[in-house]
Structure formats: structure tokens, C-alpha cells
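Have a look at this one before I ask anything.
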């Protein structure tokens, strides 16, 4: 036990005392300014700038870039919309050339929608097959159905002139 005590005492007595150093406010300010200058220089170098005054121009360029990117995105969106409209018009012209009645072109377009990357020739073939089964969609073949209700107890509905005469005479 005596040996262990001696070792501990020797170790405790041989360690040097740690000195505490205090800094004045000027010294702290100087260290902070030096480190800040190094950080600024590294930051400017990373941005490709030489001096702090160039930073305002850089910020203006970034702002202009953001504005141009927004405009570019809007124009790309508009371009995509116009391309889709042009593509749709191409297939509608194929339907029109197939002599489909004007009032049902949209219906035929929805029933025979173009497939992705389909050529107009392939679309025309599919359209012709569809129209072969739906000949009533061709101009001149469209049949109209009278959907008005006949309220004359089975008698034929009066013509426009007959209705006018009946109104004038007070019969309706």
C-alpha cells in the first residue's frame, strides 16, 4: 500500500500547474477580425470573386438568373401546351378528312384517341376501322332523332306556322 500511495503522491506533485491566460477586448476583437477576414476571403474565392464589393453584382446576377429561370419555365410550359394542341389538331384534321360530321368530331376523337408516338397513317387506319362500324358518323349518314315530347295526344305536332296561327287566334 505504501508503494501505491507514493506513486499517487509523486504523480500529483510532479504535474505542472496550468496557467490561465486572459485576453483583453482588443485582442479578442483582433482574433475575430482575422478569422472573419479569412472566412470572407475563402467565401469570395469559392464564388469566383476577388473583393467584397463584387458581391453586390453577384447577388444581382443570381436574382436575374432566378427571374430568367422562372420566365424560361413559363415559356417551356406554354411551348408544351402548344405542341400538344398542334398534335391534337393534326389528328382532328385526319378525322375531318374522313368526312366525319362536324358535330361529332370531338366524340370520334375521344373514342379513337391517338396513341403515344402514333403516325397519322396508323391513326387513319384505326379511324377507318372504327368508322366502318359506325357509318352513321359520316356526313350525310347522320340520323337525327326527334327528342321533343308530343303533347298533342298522339296527333302530329303543329308546324311553326300552325303554332303561330294558333297563338294569334288564342287557341294555345
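Where residues in the stretch 16-45 are outside any helix (DSSP H, G or I) and exposed (fewer than 10 other Cβ atoms within 10 Å of the Cβ), which of them is modelled with the highest pLDDT?
Filtering first and then ranking leaves 24.
Please find, within the stretch 106-118, the residue that is surrounded by the fewest Cβ atoms within 10 Å (Cβ to Cβ) out of those that are within 14 Å of residue 136 (Cβ to Cβ) and in contact with a helix residue (DSSP H, G or I) (Cβ under 7 Å, 6 or more places away or on another chain).
Only one residue tops the list, namely 111.
Something else about it: List pairs: first in the stretch 115-130 and under 10 Å from residue 94 (Cβ atoms), second at pLDDT below 95 and assigned to a helix (DSSP H, G or I), Cβ under 7 Å, 6+ apart or cross-chain?
120/90; 120/94; 123/91; 123/94; 124/94; 127/94; 127/95
Among the residues of the stretch 120-172, how many are surrounded by 10 or more Cβ atoms within 10 Å (Cβ to Cβ), outside any helix (DSSP H, G or I) and at pLDDT 70 or above?
Number of matching residues: 7.
The values are calculated or read from the model by the stated rules, or taken from the named source; none is laboratory data. Since the model is a prediction, treat every value here as computed from it, not as a measurement. So basically every Cβ, Gly included, is an ideal-geometry build from the backbone, and we count neighbours across all protein chains shown.
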